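Comments concern the structure below.
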Amino acid sequence: MTEISDSPVPLIKKIEDAAIVTFGLAILPVVFLVAPRFAIGLARDSFAVSVNIPANADYFSANRKFSDTDTARFEALIQSLKEKLDTDDWVGLAAQLETLDKSREALDQSDIRLSDLALDYIRHDLSDAIYAPNMCNFDHYYEILDPNLQRLEAASRKNPANPYLTALLAQAHIDRGWCARGGGWAHEVTEQGWDDLMRSFQTAHMLLERFDVRDLGSPFYARVKFQLMVTLEADDGLEIAREAYQDWSDMDISNPLPHRHFSFFTLPRWFGNWPLFEEEATRAAERTRHNSGKAAYARFYLEAFDHDGDAALSCMDVEFFHDALEDLITGAPDPVLNAVKAIATLNEVVATEPITLIGELLDRQLFRKRKSLKLIIRHLLDSHITHLPTEDGSDIEEQIMQAINRAYQPELKEGLHLSFTPDGIRMVPLESEARD
C-alpha cells in the first residue's frame, strides 16, 4: 500500500513546482484518490458551487425539461418516490428501485434511465444543498442531512440483505464525502475536509463489499460502485476504473451514462492522457458495436470537448468520429435532439478566438481537423435537423442558430433563407419558401 503523509500540505508543497496536484489517503486496505491529477493553473480558479434546495420537487423538476409524455412519467415517478420517502417506506422504495433497475426502462424521447432519475431524486430529497459538477468529479453531489442519513442507516440495518438500500446508503456517504472535501483545488481543502472524506469513502467501500455487483447484475448498484472505485489511487488505478465502468456498461449496454462518466475519468487530469483517451474511446466503441455501432466513440469525445476541445481534437480520428456521430444520432430515441446537442458542442470547438487561430496556424493538422469539424456540422444540419427541439430547456436554440449562421454564411450573404424540411435544412430563395 502506498505510504501517504498524515497531512496533505507537505505532499502538495513538494509537487507544486510541477504544477500537478495529486493526493491520496491510506484508508485501511483502501487508498482513495481524493484530488485528481490536474494543473493548478488550468481553467477557472474554483468550481465549488453550493445552492440551497427547496424542500420539494420544484428545484429538481425545474432543471429537467422533457416532452409532455415524458414529463408526465417523470412527475409520476417523483410523486411515487416522495410518498415512500415521506412515510419511511424504505422497503417499498427499494422494491420500486429494483423494478426500475431490472426493466432498464428509459424515458421515451431520451436514453435517461428511470432508475438513474430515481437515484438522483432520492439524493435530492434527503439533502438541503447541492455541489455542481467540477474539475474533481463528473456528478452533482448532495449535502445529505444528518437526520436523513440516520433514517437511511436504520433502514439498512433492518434490511442488511437488501442491495438497493445498501447502495443508497453507500451513495449517501459518497455524497457526504465529496461535500466535506468541497469543489475547490486540492490545496484549498482543509485537513478536516480530507479526514471527513476519508471516513465517508471508507464507510461506502465497506457497504458496497456486501454484494458482488456481477452476481447482482444491477446497473443501479454498478453506478454507485463506479463512483467510488474511480477514486482509488493505485498503480493500476485506470484498470480498476475501467473494470467498474465495463461492469456498469455491460449490464445496461445501451445506456450512454457509463460512457460519459468513464470518459471524464480518462482525461489527463485523472488517470489518462490524450493518446490513452483515444485508445479507451476506440475500445468502448468496439465493445458496444453490436448494440450501438461506433456511438460510444462519439460520446467519449463529445464529453472531452466540454473540457479541452483542442487537445481532444488533436488525437481524434475525425472520419471515425463522423461515423460514430451518425450511429449515435440515428440510434437515439430523438435523433433531432441528439443532433442538435452534438452540433452545439462542436460549434463551441470551431468557434475559435482570433488569438488562438494565429497559434493554430502553426499546427496544420489541427487546422485541417477543425475544418473537417465544420464540414461535419454542415452535414448534420443538412441531414438531421428537421426542426428545433423545444424540450431541452436550455439555450440550445441560440447555440444551434449560431452554428447555422456559420455553416450557411455564403448562402445567407446571397439572400437565401432557412427552411426546415423532412430531410434536413435547406437554403432557399424567399419566394420559394413562400410558395412552399
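Observations on the model:
- If R0 is 25 Å, the Cβ-Cβ spacing of N159 and A76 corresponds to a FRET efficiency of close to 0.45.
- Judged by the ratio a/c of the largest to the smallest principal axis of the C-alpha gyration tensor, segment 48-229 counts as oblate, that ratio being 1.5 or greater while a/b is no larger than b/c.
- About its Cα centre, segment 48-229 has a charge dipole of approximately 380 debye under the convention of +1 per Lys or Arg Cβ and -1 per Asp or Glu Cβ, with nothing else charged.
- Pairs from the list K374/K413; K225/K294; K82/K294; K294/K413 with a Cα-Cα gap above 30 Å: K82/K294; K294/K413.
- Mean-position separation - Cα centroids, segment 400-433 and segment 219-298, in angstrom: 39
- Here the simple spin-label model places points 7 Å from the Cα toward Cβ, and for Q402 and E239 these points are separated by 4.3 nm.
- Sites D382 and D317 - FRET efficiency at Förster radius 25 Å, r taken between beta-carbons, to 0.05: 0.65
Quick note: the coordinates plus some simple rules give every number you see, no bench work behind them. Bear in mind that the values here come from a model prediction, so they are computed numbers and not experimental data. A quick note on method: Cβ atoms are made from the backbone with ideal geometry, for glycine too, and the neighbour counts reach across all protein chains shown.
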